[in-house]
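*Asks:* I'd like to ask some things about the structure below.
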Amino acid sequence: MTSDERIQRQAEDVLELLKVKGYKFTPQRRAVIGALIEANRPLSVKEMVDRLRESYPDMSADTVYRNLKVLCDLGVVSLISQQGKEGARYELDGRPHHHHLVCVTCGKSVCLPYCPMQERAEEMARREDFHVLGHTFEIFGYCRDCQREESSS
């Protein structure tokens, strides 16, 4: 499957969910979803606005925030972290279960390809007779670039 086909398929899946939930698939929502699909990594609102500026010069950060709220409420998009100077980062849901390393200086987020908590979470749930719906796990620290900047100043 090509990148364009993947983007189209993910956009169609989101469109279907929005229709079922009674929301319109506006050009702004399509643009926000497209930016997240194309990036294939968590983005800040500033990064989304910067990516969309060429095609949507009038799209404001407020518009992006409003659309992200709807998409988060529907479970289409996940809020990753509010660390770093650019604040929260968002990514499309529906990817395989994973977690993140998050830089507290720049907000860069790196996806971990596995869940370091899965066995422990299952063990705790069994012990407490708790039905787990899901979990998140973020490790905060300094990325390589921010470590270099700190040591050179």
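*Asks:* What about ASP145, is it under 20 Å from SER44 (Cβ atoms) and surrounded by fewer than 14 Cβ atoms within 10 Å (Cβ to Cβ)?
*Replies:* Numbers: under 20 Å from SER44 (Cβ atoms): yes; surrounded by fewer than 14 Cβ atoms within 10 Å (Cβ to Cβ): yes.
So ASP145 fits the description; yes.
*Asks:* What are the residues in region 40-76 that are small (Gly, Ala, Ser) and modelled with pLDDT under 85, if any? Give the derivation first.
*Replies:* Pass one, region 40-76, residues small (Gly, Ala, Ser): 44, 55, 60-61, 75.
The one that is small (Gly, Ala, Ser) and modelled with pLDDT under 85: GLY75.
*Asks:* Something else now. Testing LEU79 on (1) touching a strand residue (DSSP E or B) at 6+ places or on another chain (Cβ under 9 Å); (2) assigned to a helix (DSSP H, G or I); (3) free of Cβ contacts under 8 Å to residues at least 40 places away in the same chain, one condition comes back false. Which one is that?
*Replies:* (2)
*Asks:* Assess whether VAL102 counts as being out of contact with any His (no Cβ under 9 Å at 6 or more places or on another chain), modelled with pLDDT under 85, of a type in the set (Val, Ile, Thr) and under 30 Å from ARG9 (Cβ atoms).
*Replies:* Judged against the criteria, VAL102 is a match.
*Asks:* Sticking with this structure for a sec: Name the residues in region 135-153 that are at pLDDT 75 or above and either assigned to a loop (DSSP other than H, G, I, E, B) or under 27 Å from GLU119 (Cα atoms) (or both), would you? Outline the logic, then answer.
*Replies:* Within region 135-153, the first condition is being at pLDDT 75 or above, and the residues that meet it are 135-152.
Passing the criteria: HIS135, THR136, PHE137, GLU138, ILE139, PHE140, GLY141, TYR142, CYS143.
*Asks:* Could you say which residue among GLU47, GLU38 is surrounded by 17 or more Cβ atoms within 10 Å (Cβ to Cβ) and acidic (Asp, Glu)?
*Replies:* On the way: GLU38 fails: surrounded by 17 or more Cβ atoms within 10 Å (Cβ to Cβ).
Testing whether each residue is surrounded by 17 or more Cβ atoms within 10 Å (Cβ to Cβ) and acidic (Asp, Glu) leaves just GLU47.
*Asks:* Please indicate, with yes or no, whether at least one residue in region 117-134 is part of a loop (DSSP other than H, G, I, E, B), within 30 Å of GLY34 (Cα to Cα) and at pLDDT below 80. Let's see the steps before the verdict.
*Replies:* Keep residues of region 117-134 that are part of a loop (DSSP other than H, G, I, E, B), which gives 117, 129-134.
Those still in the list that are within 30 Å of GLY34 (Cα to Cα) too: 133-134.
From the residues that got through so far, the ones that are at pLDDT below 80 too are 133-134.
Yes: one or more hits.
*Asks:* Could you count how many residues in region 58-80 are under 20 Å from HIS100 (Cα atoms) and of a type in the set (Val, Ile, Thr)?
*Replies:* 3
*Asks:* Give the residue that is surrounded by the most Cβ atoms within 10 Å (Cβ to Cβ), with candidates limited to residues of region 95-116 that are in a strand (DSSP E or B) and β-branched (Val, Ile, Thr).
*Replies:* Our first condition is that a residue be in a strand (DSSP E or B); within region 95-116, this holds for 99-103, 109-112.
Right, trim to β-branched (Val, Ile, Thr) and you get 102, 110.
Working: VAL102: 22, VAL110: 14.
Per the criteria, the residue is VAL102.
*Asks:* When residues of region 35-76 are filtered for being touching a strand residue (DSSP E or B) at 6+ places or on another chain (Cβ under 7 Å) and polar (S, T, N, Q), how many remain?
*Replies:* Counting residues in region 35-76 that are touching a strand residue (DSSP E or B) at 6+ places or on another chain (Cβ under 7 Å) and polar (S, T, N, Q) gives 1.
*Asks:* For region 41-74, which positions are free of Cβ contacts under 8 Å to residues at least 40 places away in the same chain and among the small types (Gly, Ala, Ser)?
*Replies:* Matches in region 41-74: SER55, SER60, ALA61.
The values are calculated or read from the model by the stated rules, or taken from the named source; none is laboratory data. Fair warning: this is a prediction, and the values are worked out from it, not measured in the lab. Glycine gets a Cβ as well: all are built from the backbone with ideal geometry, and neighbour counts include every protein chain shown.
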